[in-house]
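The values are calculated or read from the model by the stated rules, or taken from the named source; none is laboratory data. This is a predicted model, so every value here is computed, not measured. In this analysis, Cβ positions are derived from the backbone assuming ideal geometry, glycine residues included, and neighbour counts consider all displayed protein chains.
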Amino acid sequence: MNTTNNTILIIGSSAGIGLSMAKQLSASGNHVIMTGRNEANLLKAAAPLKNVTAIVCDVTSEADVDQLISRVEKEFPNLNVIINNAGHAVVYSLASGADTYQNAKDEMETNFFSIARINDKILPLLSKQKEAAIVNVSSVVALVPGNLPTYSASKAALHSYTLSLRHTLADTNIKVFELMPPLVNTEFSAPIGGANGISPDEVAEHFIKGFAEDTYEIHSGKTAFIYDLFRKSPEEAFAALNAGRAPIQ
Ligand SMILES: NC(=O)c1ccc[n+]([C@@H]2O[C@H](COP(=O)([O-])OP(=O)(O)OC[C@H]3O[C@@H](n4cnc5c(N)ncnc54)[C@H](OP(=O)(O)O)[C@@H]3O)[C@@H](O)[C@H]2O)c1
């Protein structure tokens, strides 16, 4: 993919990996539409950046998504890239007493259902462009589960869907990418030791490199190691990802 002169919608870009992507992509000749739920945080994140537009949107709300898409269709008819980066995780144990149904439902809502819905709704606009892309941000835990049990399951669902979407759109103008970050130092990962992770700026750099090279599945940082191990032995990959990690009690 060309990494300049795109109009890029980043779902969830007022913090973390999405904000790093917004900074780097807007600085390299793309117009970036930044979104998030909290208006104050979004406006603060967008204020120092040039070549961006901030639009408040909760991607789990169909009404918000419809408003976002109709605004984009009117104001940014050249939009050719969507990056589905918003994510939700609940830190808990599957042991007795857990509210697994509700936790998994909330995680699936943000990490899978909302992405499937917004992609359906944006496909007609992407189909009109010369070159377009859908980028789904999953995780290393899409390959092997880590200690966020149903979050891992939701990212595995996203990975499976992304493979099917890529296959379906193979002969069209729309390329389908998946970014699989390892542990990244953001607010999101603070409860699971995220301070030991790589920086969101590094992940954004890995993404832009992979995007430029048409690497459809981008294994950022340690994800590449886990991926290789997983291909040799899923059991060893599971052990490596969970080594030294006590199950959450
Ligand atoms: N951090 C890690 O270790 C790690 C590792 C692998 C994969 N990932 C994945 O990478 C993605 C980004 O994670 P991050 O660590 O950068 O998270 P983050 O620092 O918490 O940032 C998340 C961004 O998404 C927005 N957001 C959250 N829910 C939203 C919703 N329902 N609708 C619209 N925007 C929403 C947040 O703003 P508001 O709260 O204002 O909405 C914020 O701008 C997620 O999909 C996550 O699962 C993260």
In this structure, is Gly194 within 10 Å of the ligand (Cβ to nearest atom), at pLDDT below 95, small (Gly, Ala, Ser) and under 14 Å from Ile17 (Cα atoms)? yes
Does segment 145-161 include one or more residues that are of a type in the set (S, T, N, Q), assigned to a loop (DSSP other than H, G, I, E, B), at negative phi and within 13 Å of the ligand (Cβ to nearest atom)? yes
Top-ranked residue in segment 2-42 [being part of a loop (DSSP other than H, G, I, E, B) and of a type in the set (Ser, Thr, Tyr); ranked as farthest from Lys121 (Cα to Cα)]: Ser28
Options Val65, Val81: the member that is surrounded by 22 or more Cβ atoms within 10 Å (Cβ to Cβ), closer than 24 Å to Lys175 by Cα and either modelled with pLDDT under 95 or within 18 Å of the chain's Cα centre (by Cα) (or both): Val81
With the condition kept exactly as written, say whether any residue in segment 98-106 is part of a loop (DSSP other than H, G, I, E, B) and either among the small types (Gly, Ala, Ser) or within 13 Å of the ligand (Cβ to nearest atom) (or both). yes
In the list Ala45, Ala54, which residue meets the criterion of being modelled with pLDDT of 95 or more and in a helix (DSSP H, G or I)? Ala45
Which residues, counting only those in segment 125-142, are within 11 Å of the ligand (Cβ to nearest atom) and assigned to a loop (DSSP other than H, G, I, E, B)? Ser138, Ser139
Does Ser199 satisfy the criteria of being touching a Leu at 6+ places or on another chain (Cβ under 9 Å) and within 16 Å of the ligand (Cβ to nearest atom)? no
When you scan segment 166-193, how many residues do you find that are in contact with a His (Cβ under 7 Å, 6 or more places away or on another chain) and hydrophobic (A, V, I, L, M, F, W, C)? 1
